[in-house]
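Reviewing the structure listed below.
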Amino acid sequence: MSAPMLDIRDLHLSFKGHTGLTEVLHGISLHIQPGERVALVGESGSGKSVTARIVLGLLQDLPSARITGQVLFDGRDLELMSSRARHALRGTAMSMIFQDPTSSLNPVFRIADQFHDVLRRADPSVAKAAAHDRAAAILAEVSIRDAQRVLNAYPFQLSGGMNQRVMIAMALANEPALLIADEPGTALDVTVQAQTLQLMRRLVEDHHTAVLFISHNLGVVREFADRLYVIYKGRMVEQGPTDAVFADPRHPYTRALMAAVPHLTGGGIPEIAEASPDFAAPLVDHEAEAPS
Amino acid sequence: MRRTFAILAANPLSLLGLVLVALVVISAVFADFIAPFPAHRGAVVDFANFNQPPQWPYIFGTDLVGRDLFSRIIYAYRISLVLGIVVLAIAVPIGVTIGLLAGYLGGWTEYLLMRLTDVFLSIPPLVLAMSIMGVLEPTLTNGMLAVTAMWWPWYARLVYNITRGEREEGYVLAAEVIGASRGHVIFREILPNCMPAVITKMTLDMGFVILIASSLSFLGLGVQPPTPDLGSMVAAGATYLPDSWWLTVFPGLAILVAVFGFNLIGDALRDILGADQ
Amino acid sequence: MTAPILRLSDVSRTFGTGDGAVHAVRSVSFDVAAGECLAIVGESGSGKSTLANMILGIYPPTTGEIALEGTVLPARRALAHRQAIQLVQQNPLSSLNPKRSIGATLRLALDVHGIGAPADRAAIVGALLEEVGLAAEYARRAPAALSGGQRQRVAIARALACQSRVVVLDEPTSALDVLVQARVLRLLDALRAERGLTYIFITHDLSVVRNIADRIAVFEKGRMIEIGDTETIFSAPSQTYTRRLISAVPVITGDELALRDKLAAHTKEDAP
């Protein structure tokens, strides 16, 4: 087994507020192999988005955040790095796709200029013309046919789906080893969302990019991820290969989540508790129980 | 409440602001008891003690006709505070109402009210006040009128901008769908959401109104002698700098304390009330 | 058969004029029977929100008529018309005024429509809160003290407070977590049965629609392209667009995958 691309060990996070310390993550562990697509599934307030922010090195510099535990990226401990070194990783070795593509692109710059900035993070000497050609090539990969028009456009002149593709292309432009996708496509229409996910899946496969896929939507996770972690109130409750977890969800919380999803085939809306003491049951690890 | 105290405790400057403003307000309210020479607020002449540097019992020294500067500063605070309160009590309701109506009703109402506001905003405040005072007599009442005329547009602009945002909120739509009257939507639904920003601005403005009133008096257009006023005191003493430094320094410091104090509190209120403007 | 509670006849709405005109809704006609849940399904730009706004009387149709129980609704609606048709919005964070207590928010509906004697209204507010599964003492709380699901329950109580007969549900659960969504949907279902309410359920979520709607109207670019029983729409949709919509839904069970694949296969056959 090769070394993991991302290895989170016993990560704790608390925020110091005006009224004391609030613990958000109670010691979570997660690993992603190179080229693996791993989903982190949870509801609002579960801690899934702050986990992504820690991996990106965005919370470490916040004075009110207390972080303990290890986050190893490609074998290097992020907590031991300077904030400058963490900053250098973002946009090069790891990149991110956000929920709302249109607001994550800067509205006052053309797509071509934004691509240039992205490519310059990896190679500061890249010339504008070279960046333009490289951008056109990547856009072709995300099935954008008229790359020239898109490169000369401002984000608001493009549709949401088009902007999402541009975001994906930018995120992969520097061949990152790890891509963090936070609820990608949630702000888009279902048909566009489905196309976007298919496209993203194909690209990360081609580029052998590891993905941390953050989502609340079980259906999307099932279609995208090789492996998944279910997080509830800052604790991992279940982890395992996607097929195994969907075929046999064992943790009470995972079961409740799956039962609560309305089915396209009907069957009504089941009666399910919003919270239950059972949800605090210990982690169910499908891989630990069935070693291969 | 706990949060309020926590924010105050975490920010020593806001506590300083609280102390400074308390000092100003207590001096103004209890001037008759604090001032060592209450009569010196009027046209008293004491040539035996004129233009004395700070010494007991004149801790801030005396002015050119022998009046105790400390007593006069305390009475000047009373006038400044009354001026500030009266100006804001008139300017804020006018500005807030105009901002709410323009922001919620839109259309021609918005166009007319906001262009009127722009006209007032485009005239430099001191120039506007000076022209009003030039036409009318330079009395305290007219001074307040002048300052009020230049103050309401800022509230209209502030509340207009907030209202434009709030108008798009779901709770406004909900009230409209229920069939609530326009008056209810404007004053009971939207106005409470403008208040944090308005209260914060009012606190900041107490300082600025005092400053502007002092500027007018400095130019001889505000409070008239023998009524004590910080601006006129600074003006009167300015000719005798640097020898009789106390004539300008103490009234100047008094202005600084009031303006600085209200500003610090305004900043703290912004945090406590969560106003983003 | 009794007259429909709501009838839309050739309703259109155009924004702007001349070359810049946007035809948001184009000649839509349908009836809604009392006690029915009709889902309006479509993607952004389909016109479903514009249609909802016209039904609510936020703005009138450019042409066509909307009739409530046989009475054509005027452009400026009377209070009684507003009372009959109420709204539950998508975002419970925004739909409750953060500066007013839950009690004051519910009380407004009672005051505006003169429901109950003034002295009894506090008790009515309490009863409404209990009807949506909240304790009566929530009346004193501010919206900030409530979870998303609880706020949405308050928004539902507000629609009930008007004693409305038709409720326009505009994506009422799409901002909620899935466990909370299930409970709110069950509540809506129960209230419909108990109070005999009629729902116009606006959504893009076909999985939810499948489990709550009696009939479905599919909208695309301002036109209603298909309307029919939920069962029929899902088993044998007549339009390619409807099939594409259903096949794009992310699903979790094998049965659902089979359904999607079946519809996707049809879509390929249709393709020229």
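Scanning segment A:251-266 for residues that are more than 7 Å from chain C (Cβ to nearest Cβ) and assigned to a loop (DSSP other than H, G, I, E, B) gives a single hit, A:H251.
Can you pull out every residue in segment C:52-71 that is open to solvent by 30 Å² or more (accessible area, probe 1.4 Å) and closer than 14 Å to C:F30 by Cα? Scanning segment C:52-71 gives C:G64, C:E65, C:E69, C:G70. Anything in segment B:240-251 that is open to solvent by 30 Å² or more (accessible area, probe 1.4 Å) and modelled with pLDDT of 85 or more? List them, or say none. Matches in segment B:240-251: B:W245, B:V249, B:F250. Considering (1) part of a helix (DSSP H, G or I); (2) β-branched (V, I, T); (3) in contact (Cβ under 8 Å) with a residue 40 or more places away in the chain; (4) more than 10 Å from every other protein chain (Cβ to nearest Cβ), the lone condition that A:V237 does not fulfil carries the number (1). Does A:P277 qualify as being surrounded by fewer than 21 Cβ atoms within 10 Å (Cβ to Cβ), modelled with pLDDT of 95 or more and either touching a Ser or Thr at 6+ places or on another chain (Cβ under 6 Å) or more than 10 Å from chain C (Cβ to nearest Cβ) (or both)? Here the answer is no, as A:P277 does not meet what is asked.
Listed here are the residues, each with its yes/no results for (1) open to solvent by 50 Å² or more (accessible area, probe 1.4 Å); (2) modelled with pLDDT of 85 or more; (3) charged (D, E, K, R).
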residue	(1), (2), (3)
B:V82	yes, yes, no
B:V87	no, yes, no
B:G99	no, yes, no
B:P124	yes, no, no
B:I132	no, no, no
B:L136	yes, no, no
B:V147	no, no, no
B:M150	no, no, no
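Looking across segment A:149-163, just one residue is within 14 Å of chain C (Cβ to nearest Cβ) and open to solvent by 60 Å² or more (accessible area, probe 1.4 Å), and that is A:S159.
When segment C:206-233 is examined, which residues are found to be touching a residue at least 40 places away in the same chain (Cβ under 8 Å) and either more than 13 Å from chain A (Cβ to nearest Cβ) or in a loop (DSSP other than H, G, I, E, B) (or both)? Give the derivation first.
Initial filter on segment C:206-233 (touching a residue at least 40 places away in the same chain (Cβ under 8 Å)): C:206-207, C:209, C:212-224, C:227, C:230.
Hits for segment C:206-233 are C:A213, C:D214, C:R215, C:A217, C:K221, C:G222, C:R223, C:M224, C:I227.
A count restricted to segment C:132-155 and to residues that are closer than 19 Å to C:D111 by Cβ and within 17 Å of the chain's Cα centre (by Cα) stands at 2.
Remark: A:I54 falls outside the filter, which requires a residue to be touching a strand residue (DSSP E or B) at 6+ places or on another chain (Cβ under 9 Å) and either surrounded by fewer than 17 Cβ atoms within 10 Å (Cβ to Cβ) or in a strand (DSSP E or B) (or both). Only residues that are over 25 Å from C:D170 (Cβ atoms) and either among the aliphatic types (A, V, I, L, M) or open to solvent by less than 10 Å² (accessible area, probe 1.4 Å) (or both) were counted across segment C:207-258, and they come to 5. Filtered by the rule that a residue be under 27 Å from C:A175 (Cβ atoms), free of Cβ contacts under 8 Å to residues at least 12 places away in the same chain and part of a helix (DSSP H, G or I), segment B:155-194 gives B:G165, B:G170, B:L173, B:A174, B:E176, B:V177, B:I178, B:H184, B:R188, B:P192. Of all residues in segment A:97-117, those being open to solvent by less than 30 Å² (accessible area, probe 1.4 Å) and touching a residue at least 40 places away in the same chain (Cβ under 8 Å) number 7. Answer yes if at least one residue in segment C:126-133 is within 14 Å of chain A (Cβ to nearest Cβ), surrounded by fewer than 23 Cβ atoms within 10 Å (Cβ to Cβ), touching a residue at least 60 places away in the same chain (Cβ under 8 Å) and assigned to a loop (DSSP other than H, G, I, E, B), and no otherwise. Within segment C:126-133, not a single residue is within 14 Å of chain A (Cβ to nearest Cβ), surrounded by fewer than 23 Cβ atoms within 10 Å (Cβ to Cβ), touching a residue at least 60 places away in the same chain (Cβ under 8 Å) and assigned to a loop (DSSP other than H, G, I, E, B).
Scanning segment B:117-135 for residues that are in contact (Cβ under 8 Å) with a residue 24 or more places away in the chain and of a type in the set (S, T, N, Q) yields one hit, B:T117. Once segment B:28-75 is narrowed to residues that are in contact (Cβ under 8 Å) with a residue 12 or more places away in the chain and among the acidic types (D, E), the residue that is most open to solvent (accessible area, probe 1.4 Å) is B:D46.
If a residue has to be assigned to a loop (DSSP other than H, G, I, E, B) and within 26 Å of A:V55 (Cα to Cα) to count, how many in segment A:143-199 make the cut? The qualifying residues number 10. The number of residues in segment A:191-210 that are more than 15 Å from A:F224 (Cβ to Cβ) and either hydrophobic (A, V, I, L, M, F, W, C) or within 14 Å of chain C (Cβ to nearest Cβ) (or both) comes to 2. Beta carbons closer than 8 Å, at least 6 apart along the sequence or on distinct chains, pair a first residue in segment A:182-207 that is polar (S, T, N, Q) with a second that is assigned to a helix (DSSP H, G or I) and open to solvent by 10 Å² or more (accessible area, probe 1.4 Å) for A:T186/A:Q193; A:T191/C:R244; A:Q195/A:G161; A:T196/A:G161; A:T196/A:R165. Scoring C:D177 on the criteria (1) open to solvent by 10 Å² or more (accessible area, probe 1.4 Å); (2) within 23 Å of C:A24 (Cα to Cα); (3) at the interface with chain A (Cβ under 8 Å from one of its Cβ atoms) leaves a single failure, condition (2). Any chance segment B:208-216 includes a residue that's surrounded by fewer than 24 Cβ atoms within 10 Å (Cβ to Cβ), touching a Phe, Trp or Tyr at 6+ places or on another chain (Cβ under 9 Å), more than 14 Å from every other protein chain (Cβ to nearest Cβ) and not charged (D, E, K, R)? Checked against the condition, which is being surrounded by fewer than 24 Cβ atoms within 10 Å (Cβ to Cβ), touching a Phe, Trp or Tyr at 6+ places or on another chain (Cβ under 9 Å), more than 14 Å from every other protein chain (Cβ to nearest Cβ) and not charged (D, E, K, R), segment B:208-216 yields at least one hit. The number of residues in segment A:226-260 that are touching a helix residue (DSSP H, G or I) at 6+ places or on another chain (Cβ under 8 Å), hydrophobic (A, V, I, L, M, F, W, C) and either under 20 Å from A:P282 (Cβ atoms) or crowded, with 24+ Cβ neighbours inside 10 Å (or both) comes to 9.
Of the residues making up segment A:13-26, those that are more than 19 Å from the chain's Cα centre (by Cα), outside any loop (DSSP other than H, G, I, E, B) and not hydroxyl-bearing (S, T, Y) are A:F15, A:K16, A:G17, A:G20, A:L21, A:E23, A:H26. When the residues of segment B:164-188 are filtered to those that are under 20 Å from B:T109 (Cα atoms) and open to solvent by less than 10 Å² (accessible area, probe 1.4 Å), the one that is nearest to the other protein chains (Cβ to nearest Cβ) is B:V172.
Exactly one residue among B:G66, B:G17 is among the small types (G, A, S), in contact with a helix residue (DSSP H, G or I) (Cβ under 9 Å, 6 or more places away or on another chain) and at positive phi, and that residue is B:G66. A residue that is polar (S, T, N, Q) and part of a loop (DSSP other than H, G, I, E, B) can be found somewhere in segment B:124-142.
The values are calculated or read from the model by the stated rules, or taken from the named source; none is laboratory data. The model shown is predicted, which means the values in this text are computed figures rather than measured ones. Here the Cβ is made from the backbone with ideal geometry for all residues, glycine too, and neighbour counts use every protein chain on show. Accessible surface is based on the protein model in full, side chains and every heavy atom, while ligands, DNA and RNA are left aside. Shrake-Rupley method; radii C 1.70, N 1.55, O 1.52, S 1.80 Å.
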